[in-house]
Amino acid sequence: MDPRETLKNRYEASAVKSAEVKLPVFDSVPLEYINESGAGRLRQCIHYIQNHTGISYNGIGKKGKIVYKFMRFIVDPIVAQQNSLDGNITVALTEFYKLNKQRTKLHNRVNELEAKLAALESKL
Amino acid sequence: MRIIQVLTTLSFGDAVGNDTLAIMGLLRKNGYADTGIYAENLDPRMATIEGVHKVDELPQLAPDDVMIYHLSTGSNLNRKIKDFNCRKLVRYHNVTPANFFEKYSEVTARLCSKGRSEVKSLNQTFDAGICVSDYNRQELIEMGYTCDMSVCPILIPFDDYKKTPDSEVISKYSDGVKNIVFVGRIAPNKKQEDLIALTATYKKLYPDEKIRLILVGSARGTENYDKRLKDYVELLGLDNVVFSGQVSFASILAFYKVADVFVCMSEHEGFCVPLIEAMCFEKPIVAADYAAIAGTLGGSGILLEKKDMVKAAFYVHEILNDKELANSVVEGQNNRLKDFSYEAVSTLLMEQINRFVRGEAL
């Protein structure tokens, strides 16, 4: 006999069929955004900000690209309103600032070198 | 006349990536030496394979050249496909509907929604289609595709499953406890919460039996869903659920080896390669009847028409405790597995590609 039929017949004849098992439903579990460390936490920060600020996001990419786009589109307006936002967004911003620090250092160094180059060129 | 393949992302080790590489090998074996894969995004491990290129390197195509376009996600590339002046064959793998991700990630939901809109917008772009499942083919028809379409399963690298499994994993989980295994990304469409509910139901119905649920898959990008699943495990008071996280291929092989039953509650799959893998490892399958699942099982395995957890737990219990029944399920699966052999699929695929090249119906 086809095992599907075998199982159906056994189930129909079993006492288990009338068993009632009540479990908490999955939807009753709260959905948390910020609760992990590392890349997972950063990703959750990103999702939280997007879901709560409505700022649109274009495309996907590596973590650096995500951070750069947020820096362009989100950080300035949010910093201005920082005091009115909850702790989660502040955490998210802290994460972004940490990642952006590296980029800012490099950016400042480039500006420094360009200024030095301009000064040297003016002496020629 | 060249036949080339184009796709958005060539990832390492996923179904689309494996299918694309296998098709390249097949084309070369069948006289199409001048073939290649052109991807918008390339996993570094794939970039070194001969014949794999970035899509920017796509040469000028002639009108009689054939492009096989793997459609599995939204992308900028989808919008450019219409502009290529060549014959176009779509290989549709499916795009997950956005509603599964709406609670968890606006970005992902938007990408999925965009992807599905793009699939629909391309409904007059292709000259023909070879879909990996009849479920996918029907979906394209519903989206207004009127071109000639056929079905040919994914080309699966069965030799990979003969590689050495991780002995530590085997040793750790061969402890007399029966293992219920599911392999798949931790993703809302795969409904791992239903597997957890099944485990809790089983524990209530059969409190003296020792079982373990092993969820094998990465939660990268779905960390909040992963967290919610773990919270659910805690809420249900379960101490027998294992989340493997991202693991090596050898570990995945080992998890299949230690499985006593493979259970799938996924609500969206375009094909579901793990079902084939479970068949390969001769593990009886119990799966909920959604999307392409029934088509891939093809009458084998055990199909749950509805997600009745008591019934599902009963079915799993019978399979775990009745060796003869389990063997009969596996026997049916072994027969079905023949339809997915490299020989069967590659013959079918080349027939369909050659008919397309000759201008005949697929």
(request) Output the residues belonging to the stretch A:1-51 that are modelled with pLDDT under 50 and more than 7 Å from chain B (Cβ to nearest Cβ). (result) A:Ile34, A:Ser37, A:Gly38, A:Ala39, A:Arg41, A:Leu42
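Here is a yes/no grid of residues against (1) at pLDDT below 95; (2) in contact with a helix residue (DSSP H, G or I) (Cβ under 8 Å, 6 or more places away or on another chain):
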residue	(1), (2)
B:Lys178	no, yes
B:Phe182	no, yes
B:Glu193	no, yes
B:Thr201	no, yes
B:Pro207	no, no
B:Val216	no, yes
B:Ala219	yes, yes
(message) Exactly one condition in (1) farther than 25 Å from B:Ala200 by Cα; (2) surrounded by fewer than 22 Cβ atoms within 10 Å (Cβ to Cβ); (3) touching a residue at least 12 places away in the same chain (Cβ under 8 Å); (4) within 14 Å of chain A (Cβ to nearest Cβ) is false for B:Ser300; which is it?
(response) (2)
(request) Would you mind stating whether B:Asp339 is more than 10 Å from chain A (Cβ to nearest Cβ), under 25 Å from B:Asp148 (Cα atoms), under 20 Å from the mean Cα position of the chain (by Cα) and of a type in the set (D, E, K, R)? (result) yes
(message) Within the stretch B:26-50, take every residue that is exposed (fewer than 15 other Cβ atoms within 10 Å of the Cβ) and among the small types (Gly, Ala, Ser) and give me the one that is farthest from B:Met350 (Cα to Cα).
(response) B:Ala47
(request) Would you check if B:Leu235 is closer than 20 Å to A:Val16 by Cβ and within 14 Å of another protein chain (Cβ to nearest Cβ)? (result) no
(request) Could you give me the residue pairs with C-beta distances under 6 Å whose first residue belongs to the stretch B:194-221 and is within 10 Å of chain A (Cβ to nearest Cβ), whose second residue is among the hydroxyl-bearing types (Ser, Thr, Tyr) wherever it lies, and which are 6+ apart or on separate chains? (result) B:Ile196/B:Tyr232
(message) Quick check on this structure: which one of B:Ala361, B:Ala313, B:Ala326 is away from chain A (no Cβ under 11 Å) and either under 21 Å from B:Pro157 (Cβ atoms) or hydrophobic (A, V, I, L, M, F, W, C) (or both)?
(response) B:Ala361
(message) Just the residues that are out of contact with any strand residue (DSSP E or B) (no Cβ under 9 Å at 6 or more places or on another chain) and either among the hydrophobic types (A, V, I, L, M, F, W, C) or closer than 23 Å to B:Lys257 by Cα (or both), please, taken from the stretch B:201-231.
(response) B:Leu205
(message) Looking at B:Lys88, B:Lys82, B:Lys29 in this structure, which one is over 19 Å from the mean Cα position of the chain (by Cα) and either β-branched (Val, Ile, Thr) or farther than 22 Å from B:Glu360 by Cβ (or both)?
(response) B:Lys82
(message) Suppose we filter B:Thr73, B:Thr8 for residues that are in contact with a Gly (Cβ under 6 Å, 6 or more places away or on another chain), under 15 Å from B:Val90 (Cα atoms) and not in a helix (DSSP H, G or I); which single one remains?
(response) B:Thr73
(request) Quick one: which residue in B:Leu275, B:Leu236, B:Leu229, B:Leu253 is in contact (Cβ under 8 Å) with a residue 24 or more places away in the chain, among the aliphatic types (A, V, I, L, M) and within 12 Å of B:Gly184 (Cα to Cα)? (result) B:Leu275
(message) Kindly evaluate B:Arg336 against the criterion of being under 25 Å from B:Asp19 (Cα atoms), assigned to a helix (DSSP H, G or I), among the charged types (D, E, K, R) and touching a helix residue (DSSP H, G or I) at 6+ places or on another chain (Cβ under 8 Å).
(response) yes
(message) in a loop (DSSP other than H, G, I, E, B) and touching a residue at least 40 places away in the same chain (Cβ under 8 Å): is that true of B:Ala22 in this structure?
(response) no
(request) Quick one: count up the residues across the stretch B:91-131 that are part of a helix (DSSP H, G or I), touching a His at 6+ places or on another chain (Cβ under 7 Å) and either touching a residue at least 40 places away in the same chain (Cβ under 8 Å) or more than 14 Å from chain A (Cβ to nearest Cβ) (or both). (result) 1
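The values are calculated or read from the model by the stated rules, or taken from the named source; none is laboratory data. Everything quoted here is computed from the prediction, not taken from an experiment. Using ideal geometry, Cβ is built from the backbone for each residue, glycine included, and neighbour counts are taken over all protein chains shown.
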